[in-house]
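*Asks:* Before I ask anything, here is the structure I am working with.
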Amino acid sequence: MTFSQYFSGIFKGIGSLIKGMRVTIGVFTEKKVTQQYPENRDTLILPPRVRGKLVMPHDGNNEHACTACGICQMNCPNGTINIVSEMQEVEGKKKRVLVDYFYNLGQCTFCNLCVLTCPSSAIKFSNEFENSVFQRPKLQEKLNNTGSKLRDKKVTSKSAEADATDSTEVKQDEVAPTLSLEDMVDDKGILNENYKTVGQMAVDELKEKDRRAAMAVTSKEDKA
């Protein structure tokens, strides 16, 4: 190593140090974004899209919108949801009724597939994020309240109209539409297009793209 190379390496190192310190000093002078948690619990504001834990909203009459169709359970990638239902005779027709809705917070990946595919908007993710416990069984929760029942369709529509006249803002979880399993299948017992699983919808979308691509190639060949 020559004398000039030795000092050249020193000056390059000093320049690199100054460049790094300039970035550090710039960040040091910026506005602080660190949240002083848990001291700021009273003033803490979370974004509305934060997924803390799955909940099932109930109205003042202890009624929910879950029809026990099982679509959320089928779309859950790791078996977080377990629905217990039974067939009951309602107005001369046998319908599936929710008995227990079990949710395992310890297995949930917060993918939101259950909420997106629910046909009656019966479940949603809340902003509650302080879910640490010392015993694992406490992570298994029952989302439907004791003694709760399915919200009646007619009562729901009337309450929605009354709330619309009394207030300009209506909570979605209080007037969520309810659909039974019979509403989601046709006469042949095939699931309606609107309530397919996410995987089926993705396959259909790919098939549609392939069909359009084939049509485009055909039209080009015809023109040629």
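*Asks:* Of the conditions (1) under 26 Å from Arg41 (Cβ atoms); (2) at pLDDT 95 or above, Gln135 clears all except one; give me its number.
*Replies:* Just one mismatch for Gln135, condition (2).
*Asks:* Can you tell me which residue in region 87-112 is nearest to Pro48 (Cα to Cα), limited to those that are among the charged types (D, E, K, R) and surrounded by 11 or more Cβ atoms within 10 Å (Cβ to Cβ)?
*Replies:* Asp100
*Asks:* Follow-up. Residues Asn62, Asn82, Asn75: which one is over 19 Å from Lys153 (Cα atoms), of a type in the set (S, T, N, Q), surrounded by 12 or more Cβ atoms within 10 Å (Cβ to Cβ) and in contact (Cβ under 8 Å) with a residue 24 or more places away in the chain?
*Replies:* That would be Asn75, the only listed residue that is over 19 Å from Lys153 (Cα atoms), of a type in the set (S, T, N, Q), surrounded by 12 or more Cβ atoms within 10 Å (Cβ to Cβ) and in contact (Cβ under 8 Å) with a residue 24 or more places away in the chain.
*Asks:* On to the next question. Could you check region 113-151 and list, in sequence order, the residues that are part of a loop (DSSP other than H, G, I, E, B) and surrounded by 14 or more Cβ atoms within 10 Å (Cβ to Cβ)?
*Replies:* Cys118, Pro119, Ser120, Ser121, Ala122, Ile123, Asn127, Leu143, Asn144, Ser148, Arg151
*Asks:* Considering only region 1-14, state which residues are hydroxyl-bearing (Ser, Thr, Tyr) and part of a helix (DSSP H, G or I).
*Replies:* Answer for region 1-14, where residues must be hydroxyl-bearing (Ser, Thr, Tyr) and part of a helix (DSSP H, G or I): Ser4, Tyr6, Ser8.
*Asks:* Would you confirm, using the coordinates I've provided, whether Ala68 is at negative phi and small (Gly, Ala, Ser)?
*Replies:* Considered against the rule, which asks whether it is at negative phi and small (Gly, Ala, Ser), Ala68 comes out as no.
The values are calculated or read from the model by the stated rules, or taken from the named source; none is laboratory data. Since we're looking at a predicted model, the values are computed, not measured. Note that each Cβ is placed from the backbone with ideal geometry, even for glycine, and that neighbours are counted across all protein chains shown.
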